[in-house]
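Engineer: Structure below; questions to follow.
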Amino acid sequence: MTYHLLKTIVDVMKGAGMRSGTWIRCAAVVVAVSLAGTACGSNDGEAAGGDEAGTARAGSDLAADPGSTEVEGPQPRLVVTDRDSGAVSILDLATTDELARFDYEGAGAASIVNGRYVFSVDQQAGEVHVVDAGSWTIDHGDHTHSYVRDPVELGTLTGTKPAHVTTGDRRAAVFFDDDGRSDLVDVADLRDGELSPREIPARAPHHGVVLPVAGHVLVSTPSEDPDDNRPNGFEVYSADGDDATLDAACPRMHGATVVGTTAIGACDDGLLLVSAQGEEWSAEKLPYPEGITPESRPASLYGHDRLPLVVGTAGAPASNDGVVVLDVANRSWTHIRTPEPALAAELSGDGTTVFAVLADGTFATFDAATGASAASSPVLERPFDWSDTSATRPAIAVGGSRVYVSDPEAGTVAEIDYRDDARVARTFDLGGTISSVGVVGS
C-alpha cells in the first residue's frame, strides 16, 4: 500500500512541474505522516541555483577547508573573462555583485576545474593564472555539502604559448605549445592552497594536449609534416612517466576530453577512444556520422563529470553541419542538423538536453537522444559574422537549471531557464569583449 500511495503522490507532483528534489521529499513526508495534512510547495525564483542532488546538511560530517564556511545550499558564482582588459571577474549569481576581479594582461579563455577552480590562459604573457573562485559543492549521493570563501589567486603556471587546458582523474593539464610540454596539477594540492605542477614532456613542440586518465596521461605526438602543427596521435604514460605499450594514431587531432576512464580525441578520420581496463589499455576509432567530413567534424568536445555523453559543434561556422552528440557507453551518435551554423554547444547536467548558440543569434535546445528541437530564444544583439575569423564566438556555461550565454560584441551574458521554454531570466551587462564564461559552486 505504501508503494502505491508514494507512486500516486509522485506522479501528481511531477505533473505539477515540481523539481525532482522537491517532489521526492514531499512524497516521503506525506507517506510518513499518513496524509496527516502535511503539504509542500515548489519554489523556482529568478536567482540562479544548482538543482540539489540531495538534502544539504550544513555542518554535519565534513570539516570545511581553511578559510571557508559551510552554507545550507549551493551558492553558484559566474566567472567571466574579458578579452579587451584581461580581467577575470567573479559574480555572485544571487545578488549579481562582483565578488572579485583579477586583472591580467590578456584573458583569452578560462576553464573551470572540479567545479571550483579557474584556469585563465594569458597567451600574451605566457601564463596561466589559477584562481580559487570560492564556491563549491560536494555531492555525497543522498546529500550535499556546499562551501564558500573569498576568491583568491593560488599561483601561476608559466611557459611559451599556453593553449589547451584539459581535466580528468581529478587532475588538470596545461599544454605549452612552443615548449612541447605540459604542467600537470593535482586538484588535491589546490584544495590545500598549493600549486605544485609536475612537468610532462612531449616529443617536440606542437599544438598539443595532455589528457589525465586512470592514473596515467595521454600525451599527444607531433606530426611528421613540419608544416602541420596539429598532433597525429597519442602515447600513454604511467603516473611515473614510464612509456606504456599503447601508441594510437589520430591524424590532425583537435578537440579532446576525458569521460571516466576513457580519453577521447577528435581526428580527421574519426573519433579516437582510448580506454583503461585495469592495467590494460585499448584504442578504437569510431567513424563520424554519415555526412560528417574532415571539414565538418567536431574540433572541440564538451561533457560533464559522471555523464557518458560528449557534444561538439560539427565543424567551423563556414562548413558547419549542426551539432553531434556521442554516447560513449553505447558508441552511438546523434547528429542534430541546426537551421543556422552552430557556434557553441553544451549539455545539461542530466544529459537529456543539448544547448547550442546559432549564427543568427538564437539560443536553441534539442533532445539529446532524438535531436528533436525543443525551444529557442534570441540571445545575441545581432547575427554573428562568421566570415570575420578574428571575432570572438559566444560561449555557453551550465549551472543547474540555468544556462549562461555570452554575447562578446555586446558585452552581456544572458541567464536562461532552459526548462521554461528557454526563457531569458536575466541579462548581465558587463561591458568589454567576453571571451569565456563559467559557473562554479552549482
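Engineer: So what are the three principal axis dimensions of the stretch 244-292 from its Cα atoms, in whole Å, longest to shortest?
Structural biologist: For the stretch 244-292, the Cα spread along each principal axis is 36, 20, 16 Å.
Engineer: Between Asp84 and Ser390, what is the spin-label point distance in nm, taking each point 7 Å from the Cα along the Cα→C-beta axis?
Structural biologist: 1.5
Engineer: Share of Cα-Cα pairs in the stretch 102-168 beyond 13 Å, in percent?
Structural biologist: On the way: 1447 of 2211 pairs.
Value for the stretch 102-168: 65 percent of Cα pairs lie more than 13 Å apart.
Engineer: With label points built 7 Å along Cα→Cβ from the Cα atoms of Thr352 and Ala94, find their separation and express it in nm.
Structural biologist: Taking the simple label geometry, Thr352 and Ala94 are separated by 2.7 nm.
Engineer: Compute the FRET efficiency between Glu409 and Asp227 as 1/(1 + (r/R0)^6), taking r as their Cβ-Cβ distance and R0 = 41 Å, and round to the nearest 0.05. Mind showing how you got there, number by number?
Structural biologist: On the way: r = 34 Å, r/R0 = 0.82.
Result of the calculation: an efficiency of 0.75.
Engineer: What 222 nm value per residue comes from the helices of the chain, counting each DSSP H run with n ≥ 4 as -39,500 (n - 2.57) and dividing by all residues, nearest 500 deg cm²/dmol? Please list the in-between numbers first.
Structural biologist: Numbers: 3 runs with 32 residues, N = 442.
Calculated mean residue ellipticity at 222 nm is -2000 deg cm²/dmol.
Engineer: Between 0 and 90 degrees, rounded to the nearest ten: what's the tilt of helix 20-32 against the longest Cα principal axis of the chain?
Structural biologist: Long axis of 20-32 versus the principal axis of the chain: about 30 degrees.
Engineer: While we're here: Given the protein chains as shown and a 1.4 Å probe, how many square angstrom of Thr362 are accessible, to the nearest 10?
Structural biologist: Around 30 Å² of this residue is reachable by solvent.
Engineer: Now, a different point. Take the alpha carbon gyration tensor of the stretch 162-287, find the square roots of its eigenvalues, order them as a ≥ b ≥ c, and report rounded if a/c is under 1.5; if not, report prolate when a/b exceeds b/c, else oblate.
Structural biologist: Values: a/c = 1.79, a/b = 1.23, b/c = 1.45.
Oblate, since a/c reaches 1.5 and b/c is not below a/b.
Engineer: For Val439, what accessible surface area do you get with a 1.4 Å probe? Give it in Å², rounded to 10.
Structural biologist: Using a 1.4 Å probe on the heavy atoms, I get roughly 20 Å².
Engineer: What nm value, rounded to one decimal, do you get for the distance between Glu72 and Val152 when each label is placed 7 Å out toward the C-beta?
Structural biologist: Label-label distance for Glu72 and Val152, simple model: 2.7 nm.
Engineer: Determine the relative contact order of the stretch 162-287: mean sequence separation of Cα pairs under 8 Å and six or more apart, normalised by residue count, in whole percent. Intermediate values should be presented prior to the final figure.
Structural biologist: Working: 318 pairs, mean separation 21.0, N = 126.
Relative CO of the stretch 162-287 lands at 17 percent.
Engineer: Something else: Given a cut-off of under 8 Å on Cα pairs at least six residues apart, what relative contact order in percent is computed for the stretch 300-442? Before the final figure, lay out the partial values.
Structural biologist: Working: 359 pairs, mean separation 21.7, N = 143.
Worked out over the stretch 300-442, it gives 15 percent.
Engineer: If you stretched the chain out fully between Leu195 and Ala239, how much longer would it get, using 0.36 nm times the residue separation minus the C-alpha to C-alpha distance? List each step's numbers first, then the result.
Structural biologist: On the way: separation 44, 0.36 × 44 = 15.84 nm, distance 1.79 nm.
This chain segment gains 14.0 nm when fully extended.
Engineer: A further question follows. May I ask for the Kirkwood hydrodynamic radius of the stretch 218-370, worked out over all distinct Cα pairs and given in angstroms to one decimal? Please report the intermediate quantities before stating the final value.
Structural biologist: Details: mean 1/r = 0.0625 Å⁻¹.
Every distinct Cα pair counted, the radius reaches 16.0 Å.
Engineer: Next question. Taking the 0 to 90 degree range and rounding to the nearest ten, how far is the long axis of helix 2-15 tilted relative to the main principal axis of the chain, both from C-alpha atoms?
Structural biologist: Result, in degrees: 70.
Engineer: Along each principal axis of its Cα atoms, how long is the stretch 312-442 end to end? Whole angstroms, biggest number first, please.
Structural biologist: Result, largest extent first: 43, 34, 23 Å.
Engineer: Residues in the stretch 268-294 near a label at Arg331, defined as backbone nitrogen under 11 Å from the 7 Å Cα→Cβ point?
Structural biologist: Only 273, 283-287 fall inside the zone, counting backbone N under 11 Å.
Engineer: If you don't mind, another one. Evaluate E = 1/(1 + (r/R0)^6) for Ala204 and Gln277, where r is the Cβ-Cβ distance and R0 equals 30 Å; express this FRET efficiency to the nearest 0.05.
Structural biologist: Numbers: r = 30 Å, r/R0 = 1.02.
Plugging the Cβ-Cβ distance into 1/(1 + (r/R0)^6) gives 0.50.
The values are calculated or read from the model by the stated rules, or taken from the named source; none is laboratory data. Predicted model, so just to flag it, every value in this text is computed and none were measured. Reconstructed Cβ throughout: ideal geometry from the backbone, glycine too, with neighbour counts over all protein chains shown. Remember, those area values only see protein heavy atoms, side chains included, never the ligands or the DNA or RNA. Shrake-Rupley method; radii C 1.70, N 1.55, O 1.52, S 1.80 Å.
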